[in-house]
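Trainee: Pasting a structure here, questions to come.
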Amino acid sequence: MAGTTYDVIVVGAGPGGYVAAIRAAQLGLKVAVVEREHLGGICLNWGCIPTKALLRSAEVFHLMQRAGEFGLSAENLGYDLDAVVKRSRGVAKQLSSGVGHLLKKNKVDVVMGEATVPAKGKVSVKTDKGVQDLTANNIVLATGARARELPGLEADGDLVWSYKHALVPPRMPNKLLVIGSGAIGIEFASFFNTLGAEVTVVEVLDRVLPVEDEEISAFARKAFVKQGMTIMEKSMVKQLDRGKGKVTAHIETGGKVEKHTFDTVISAVGIVGNVEGLGLEELGVTLDRTHVVVDEYCRTGVDGLYAIGDIAGAPWLAHKASHEGVMVAELIAGQHAHPVRPESIAGCTYCHPQVASVGYTEAKAKALGHDVKVGKFPFIGNGKAIALGEPEGLVKTVFDAGTGELLGAHMVGAEVTELIQGYVVGRQLETTEADLMQTVFPHPTLSEMMHESVLDAWGRAIHF
Ligand SMILES: Cc1cc2nc3c(=O)[nH]c(=O)nc-3n(C[C@H](O)[C@H](O)[C@H](O)COP(=O)(O)OP(=O)(O)OC[C@H]3O[C@@H](n4cnc5c(N)ncnc54)[C@H](O)[C@@H]3O)c2cc1C
């Protein structure tokens, strides 16, 4: 290691931390990143990437089951869960070691160990070889988050799984209960359902994927039920009785408790920030439940101490963490930094069908006082969707009726997680309906539905 004094020390090498470290190094700063477990954080090792690898296997399996529709034949279809998981772990490993190469290439010192921040400008790292004390003018906390555990619903790795257990499942569930219908819960529900498990999803709120636009939630729900899932909304798992090879869940709906038996439960009831043990209270950092309170520039209020990514609160998304990492590095380097606008960060769920959105839902836009114009376009009206054999889906856009500002976009259907970025760019450029209507979309593509949805908001859709 080159020395123990740095311009910037980043604690945590997830998508927030490693990106902050690389950007700071690009700007000529001397940087160290401290990581206790794995380069790439939850995202690359236990989150975004391995889940998408699993879901890809499920998607291919699903398509193979539909081979006949495409004039193909595929017989004796099956899967080897261990091989599916092995592929997912391999993808995660490949990307995690890629982060190591990137940090090395950018001359960032990597210190493997558990960090604490004993005083302003100081980081103490418990490594395999003893404690290493580092100093820096700027410290960036990027320690991420972990699964929330509710009393009585704690994961045990056998009958009740956290997302980590579900990523390396000890067996294929037959009857699976998923508690929580946010992105993580629904992705696992979709994966195991596609592979043949009987899946029940319990959601305490009144709809699945509750942060999404109501119409999109309802559309996705219908598709999940058609695929065989049982969805229980406004319901709460009160108790889990763990027996031999089975769990009896006490599920309350409308004041009535019913008992249902499963062989596996996945608890996906949210996440909590890794704020403990760092010495934050002693430093005078303000915490709000399990996240660090920061301003729009991710400053904690303690001079030279920043917090980015999941530890700094919602939305708990890798791209938000990375963007904050870049912003903080540029701020420290004295550049003009660009704060993140939360309402311009897209959220994607890679279930089947996929769901993606950016900006305000129709209800939120109205609640904020906007007079809205709403456009919709169904996948059934799009040539490419039909050619792909993916005629089910919806693209919905929400505009301010007066100014034409694109307030929000909401999609469900094939590949919408790739399409949404078009609207994200639109929002970033403060696009209005006129710009979007005049844009020429390539044909035949799914993106044409994005155009048509905008046209529909002004009663001009051509193909529906
Ligand atoms: C199953 C699952 C699927 C997900 N899918 C998506 C998705 O599709 N898209 C998306 O945008 N987001 C997804 N997420 C969320 C995403 O993973 C997180 O938002 C993202 O990883 C946050 O990045 P981060 O850098 O803030 O923290 P993390 O990725 O959690 O990294 C924090 C790092 O800090 C280290 N650390 C913690 N404390 C210390 C310490 N004291 N000393 C040293 N090191 C420490 C940890 O070991 C970890 O490596 C998913 C999450 C899960 C669980």
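The values are calculated or read from the model by the stated rules, or taken from the named source; none is laboratory data. Please read all numbers here as calculations on a predicted model, not as lab measurements. Ideal geometry is used to build each Cβ from the backbone, glycine not excepted, and the neighbour counts take in all protein chains shown.
Trainee: Out of all the residues in segment 241-284, which are hydroxyl-bearing (Ser, Thr, Tyr) and either surrounded by fewer than 16 Cβ atoms within 10 Å (Cβ to Cβ) or on the phi > 0 side of the Ramachandran plot (or both)?
Mentor: Selection gives Thr248, Thr253, Thr261.
Trainee: Okay, moving on. Find the residue count for segment 210-241, including only residues that are assigned to a strand (DSSP E or B) and under 22 Å from Val398 (Cβ atoms).
Mentor: Final tally of qualifying residues: 0.
Trainee: Still on this structure: Just the residues that are part of a helix (DSSP H, G or I), aliphatic (A, V, I, L, M) and in contact (Cβ under 8 Å) with a residue 12 or more places away in the chain, please, taken from segment 338-374.
Mentor: Ala363, Ala365, listed by residue number.
Trainee: When you scan segment 128-137, do you find a residue that is assigned to a strand (DSSP E or B), in contact (Cβ under 8 Å) with a residue 12 or more places away in the chain, more than 27 Å from the chain's Cα centre (by Cα) and surrounded by fewer than 14 Cβ atoms within 10 Å (Cβ to Cβ), even just one?
Mentor: The answer is yes; a qualifying residue exists.
Trainee: Name the pairs whose Cβ atoms lie under 7 Å apart, with the first residue in segment 401-419 and of a type in the set (Ser, Thr, Tyr), the second modelled with pLDDT of 95 or more, and 6 or more positions between them or separate chains?
Mentor: The qualifying pairs are Thr417/Cys348; Thr417/Tyr350; Thr417/Gln354; Thr417/Ala356.
Trainee: Output the residues belonging to segment 442-464 that are closer than 23 Å to Gly347 by Cβ and surrounded by fewer than 21 Cβ atoms within 10 Å (Cβ to Cβ).
Mentor: Thr445, Ser447
Trainee: Could you check His165 against (1) within 18 Å of Tyr350 (Cβ to Cβ); (2) in a helix (DSSP H, G or I); (3) within 16 Å of the ligand (Cβ to nearest atom) and say which number it fails?
Mentor: (1)
Trainee: Also, quick follow-up: Kindly list the number of the only condition in (1) under 23 Å from the mean Cα position of the chain (by Cα); (2) part of a helix (DSSP H, G or I) that fails for Ala434.
Mentor: Unmet for Ala434, out of (1) under 23 Å from the mean Cα position of the chain (by Cα); (2) part of a helix (DSSP H, G or I): (1).
Trainee: Given the conditions (1) without any contact (Cβ under 8 Å) to a residue 12 or more places away in the chain; (2) farther than 26 Å from Ala58 by Cα, and given that Ser217 satisfies all but one, which numbered condition is not satisfied?
Mentor: In the conditions (1) without any contact (Cβ under 8 Å) to a residue 12 or more places away in the chain; (2) farther than 26 Å from Ala58 by Cα, Ser217 misses (2) alone.
Trainee: If you don't mind, there's one more thing I want to ask. Within segment 314-328, can one find any residue that is small (Gly, Ala, Ser), part of a strand (DSSP E or B), buried (at least 22 other Cβ atoms within 10 Å of the Cβ) and within 15 Å of the ligand (Cβ to nearest atom)?
Mentor: no
Trainee: Oh, and also: Here are some residues: Lys86, Lys107. Which one is of a type in the set (Lys, Arg), over 26 Å from Val340 (Cα atoms) and part of a helix (DSSP H, G or I)?
Mentor: Of the residues listed, the single one that is of a type in the set (Lys, Arg), over 26 Å from Val340 (Cα atoms) and part of a helix (DSSP H, G or I) is Lys86.
Trainee: Now for a separate question. Quick one: in segment 1-60, of everything that is more than 13 Å from the ligand (Cβ to nearest atom) and among the β-branched types (Val, Ile, Thr), which residue is surrounded by the most Cβ atoms within 10 Å (Cβ to Cβ)?
Mentor: Val31
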